[in-house]
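Some notes on the structure that comes next.
Derivation of every value follows stated rules applied to the coordinates shown; laboratory data play no part. Bear in mind that the values here come from a model prediction, so they are computed numbers and not experimental data. All Cβ positions, glycine included, derive from the backbone under ideal geometry; neighbour counts span all protein chains shown.
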Amino acid sequence: MRMLLMGNGAIARGAVEGGVQVAAGYPGTPSSEVLGTLAALAPDKNIYVEWSVNEKAALEVAAGASYAGARAMVTMKQVGLNVAADPLMTLAYIGVKGGLVLVVADDPGPHSSQNEQDTRKFAAFAKLPVLDPATPAEAKEMARQAFALSEQLALPVILRPVTRVCHVCQDVAVDENAAFAAPAGRFEKSPDWTIFPGLAAKKHVWLNRQQEAARQLFNSSPFNALYGSKDELSPAGVIACGVSFNYVQEALQLSGISLPVLKTGTPYPLPDEPVLALLRRVDRVLVVEELEPVVEEQVIRLAWRHGLPVRISGKHDGFLPREGEFSVDRVQPVLLAWLCADGAAKGAASGPELPRKEGEAGVHRGQPDPAGVEAAAGISASTPEPPPLPVRPPVLCAGCPHRASFYAFKKAAEGKDAVFTGDIGCYTLGNAPPLNTVDTCLCMGASVNIAAGLYRVEPERPHVAFLGDSTFFHTGLPGLINAVYNNARIVLVVLDNRTTAMTGHQPHPGLGRTAMGVQGKELDIARLAAACGVEFVRRADPYDLEAAINVAAEALAFPGPAVVVMRRECVAVTKSTSRCLIDPEKCLNCRLCIEELGCPAIFPGPEHPEIKGQCNGCGLCAQVCPAGALEEAVK
Amino acid sequence: MSLDIVITGVGGQGNVLASRILARAAMAAGLAVRTSEAIGMAQREGVVTSQVRMGDPLWGALIPSGGADVLLGFELAETVRGLPRLKPGGVVVASAAVIVPVTAALGLAAYQEEDLRNYLRRNVENLHLVDAGALAEEAGHPRAVNTVMLGALAGLSIMPFDAEHLLRTVLDIVPAKYRGINSRAFELGRRAVGGY
């Protein structure tokens, strides 16, 4: 049957059809829905699925399952692979028994990430094969086949979808009845599971040999295929990797140009046969891939080793950028410019000599000129500039408890020149005016250590670190232990909204509930902090502003590491029954409620501020109002 | 045939659901389909753009700039922001709803509602401005705006399937207890563009 599937859902379906038995992951946009979908399918398909505390734990759980012969999957976003890098780099030497597939979602753009690192390059560094799908349908097929590939090579395999695969929906064929006869798992003891320098030296030779084995397998992989004019000798050809293939094909179609295009879905190790076949029949080739020139550098090496007189273009000669996401808009002008470029190119054809399809020319559905890509955008060439458009950055939701927590600490630290170190989650949005309470943000769990480092240089200044509940478990705990061990006088504020909100409300150890919905032990953050040796640990409800400010002031005054757990459920998962109302009689129109809080439910009105429908009645504005003009009411 | 639709709006308006409904309707009509949606950080009151492509030929999910056949705008300023995505002569179905961003409430940006409305009226040939917020309230729930907009789109008879087909898909997807509201919202949207 055919289903409308988001790329991440398609990957989960492919994993099920490929016989996945154990899956683990840590949420991170754009990867999160892979594990979420697997968790929903788990009871029916007899799969074990867990949200692990972080990516390193997830990979190690999957590795253990694979050691015992099970097919295992790990999911994360690109920066999560940094956390899992330690086990990954050596797992490549140890190898796997049951197929082990890492789904590592990359985020060119970036849309919702702190960097644009390219997992294909990481795969090459770790010496592991990587698959790069162009569409959800292909991602599903790659996920399905990756387990067998992993077992064939005895290596973990990385599936690297980008945002425009993960979050693209497509009509995809699904086999509801696919069955995989899973072998009974059993761990067989052997010295090969225990890495020592001697084994590492031996396995490094083996690992290097596997690169060639993988390349040979990829030579006949269905994920590499030649499109466009197949027979004739063409002066120019294109090699496109992953989603870039879509943009190249559409750009050629819009331009009415036909060229041989080698689509590759296996960027590392790059198969030599299909690439050499193309290089031998063209004079020039353009390599199109987002981010790093992973394919391009291998193509250059291949051409050089085989002494082929082909001119290779891409990123190294400035035709394509190494940053950002591609699109038809970005690829089409480059393709046309590259086709028209003459000069050093041996036997280069100019644009008009290229084979054109009858009746098709120009850019964008019949518009004539290649330079018109910019002009084509818009309603017509003579359209005037629109009025200024308001910037609309994402903001903390109306009633978000983080807003109240930030505000409490801001008030308690007034006049103290405090530094607020932030972390990864919805609460990074606390950096925006009027709160301005995120002065740094680096990576998961960094807030507490950055604060401790700042303290070493400016011990008189208050340093307040903010991180979320899920982040606390992910990598916050070691930082807290470090702060206690080395006696850093910092305040760690755990913004405990009882969920992993930013990535779509996944559970975590603080809730006890697992990915598969089983209720287990709830880990208490305050008790954990106390067990780490923190002598000042307090809980507060951020909605009770006065109490929260008092706790914050006490924490700031404490002569040692202090922890405040600001606990209040995320508004996106609770159904509020109240909202705030303004009493126009009492309102002074001082606008403090607007200017202090930046709540998206409060807007300036002609006479006094107005409260809009998205108000959740958190009551923070009522506690800020000097005239008592705001009060809670039942919705 | 093929049809490229861009949906613009603000996080929380049901933009992603509208995109999925269009895609499901296209699929049920036997068409190939791709959608691309902003999921994650953008949802928190930020700009949300969805793209729906249906028919043949179909490569990537991203509609080339200046290539969309239809712009479905859920919010006034976001409709104007989305105009460069529309092809010359393309159709705009826009909600008159205004969501003032926090930046404007704080005085850090301007929201010139009248100017934006006039700009649309003067510069878009095929404009259908719908009071979707009021129609959603009339249908029974302010959050039915996305269904009003889908009704309006269906009322223009430019889709590769008819309005009843789209309505069936809407009712198939929404929870049973909201079918009445969504049915009314769809019909009100359809009538608002003269789709009878």
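Side notes on the structure shown:
- Anisotropy class of the range A:497-635 from Cα gyration tensor, a/c 1.5 cut: oblate
- The range A:213-272 versus the range A:1-76: alpha-carbon centroid distance in Å: 30
- Shielding of A:390-403 by partner chains, average beta-carbon count, 10 Å: 6
- Descending semi-axes in Å of the range A:78-151, equivalent ellipsoid built from Cα gyration tensor: 21, 18, 9
- Cα lying deepest toward the dipole's positive end in the range B:1-152, options B:Ala32, B:Ile63, B:Gly14, charges on Cβ: B:Ala32
- Student exercise, the range A:2-219 dipole from Lys, Arg, Asp, Glu Cβ charges, in Debye to nearest 20: 560
- Counting only Cβ charges, +1 for Lys and Arg and -1 for Asp and Glu, the dipole size of the range A:461-549 around its Cα centre is about 220 debye.
- Value of D in µm² per second that Stokes-Einstein yields for the range A:578-634, Kirkwood Rh from Cα pairs, at 4 °C (1.567 mPa s): 119
- Most positive-pole-ward Cα, A:Pro161, A:Gly98, A:Val287, against dipole of the protein assembly as shown from beta carbon charges: A:Gly98
- In chain A, the DSSP beta bridges split such that about 30 percent are antiparallel, to the nearest 5.
- Positive-end ranking of A:Asn486, A:Tyr543, A:Ala465 along the dipole of the range A:460-564, with charges on Cβ about the Cα centre, is headed by A:Asn486.
- More than 25 Å apart - percent of Cα-Cα pairs taken over the range A:2-219: 32
- Pairwise Cα inverse-distance average, inverted: Kirkwood Rh of the range A:159-278 (Å): 18.4
- Translational D in µm²/s for chain A (Stokes-Einstein at 10 °C, 1.306 mPa s, Kirkwood Rh from C-alpha pairs): 58
- Net +/- balance of residues flanking A:His316 in space, Cβ distance below 13 Å, scoring K and R +1, D and E -1: -1
- Translational diffusion of chain B, estimated by Stokes-Einstein from the Kirkwood radius over alpha carbon pairs at 25 °C in a medium of 0.890 mPa s, is 148 µm² per second.
- Sequence ranges A:567-579, A:428-440, B:144-156, B:62-74, ranked by mean other-Cβ count within 10 angstrom, highest first: B:144-156, B:62-74, A:428-440, A:567-579
- Scattering curve values for the range B:72-148, log₁₀ I(q)/I(0), Debye with Cα scatterers, q = 0.11, 0.14 Å⁻¹: -0.30, -0.49
- Computed over the range A:401-567, the percent of Cα pairs more than 30 Å apart is 9.
- Local electrostatic count, B:Met54, Cβ distance below 11 Å [Lys/Arg +1, Asp/Glu -1]: -1
- Helix-derived mean residue ellipticity, 222 nm - over chain A, DSSP H n ≥ 4, -39500 (n - 2.57), to 500: -10000 deg cm²/dmol
- Sorted by Cβ neighbour density within 10 Å, fewest at the top, the residues A:Cys441, A:Cys397: A:Cys441, A:Cys397
- In a reduced charge model with +1 at each Lys and Arg Cβ and -1 at each Asp and Glu Cβ, the range B:1-108 shows a dipole moment near 120 debye about its Cα centre.
- With the gyration tensor restricted to C-alpha atoms of the range A:1-127, the semi-axes of the equivalent ellipsoid amount to 21, 19, 12 Å, longest first.
- Inter-part distance where the range B:98-114 and the range B:154-182 are each reduced to a Cα centre, Å: 33
- When the listed pairs A:Lys45/A:Lys263; A:Lys612/B:Lys177; A:Lys586/A:Lys612 are checked against a 23 Å cut-off, the alpha-carbon distance exceeds it for A:Lys45/A:Lys263; A:Lys612/B:Lys177.
- DSSP-assigned coil residues among trypsin sites (Lys or Arg not before Pro) in the range A:189-250, each with at most 15 further Cβ atoms within 10 Å: A:Lys189, A:Lys230
- Cα-derived Rg over Rh, computed across the range A:218-332 with Rh taken as Kirkwood radius: 0.92
- Pairwise Cα separations in the range B:1-113 fall into 5 Å bins from 0 onward with the following percentages, short to long: 2, 13, 21, 23, 19, 12, 5, 3, 2, 0.
- Taking other residues whose beta carbon is less than 12 angstrom from the beta carbon of A:Val53, and scoring Lys, Arg as +1 and Asp, Glu as -1, yields -3.
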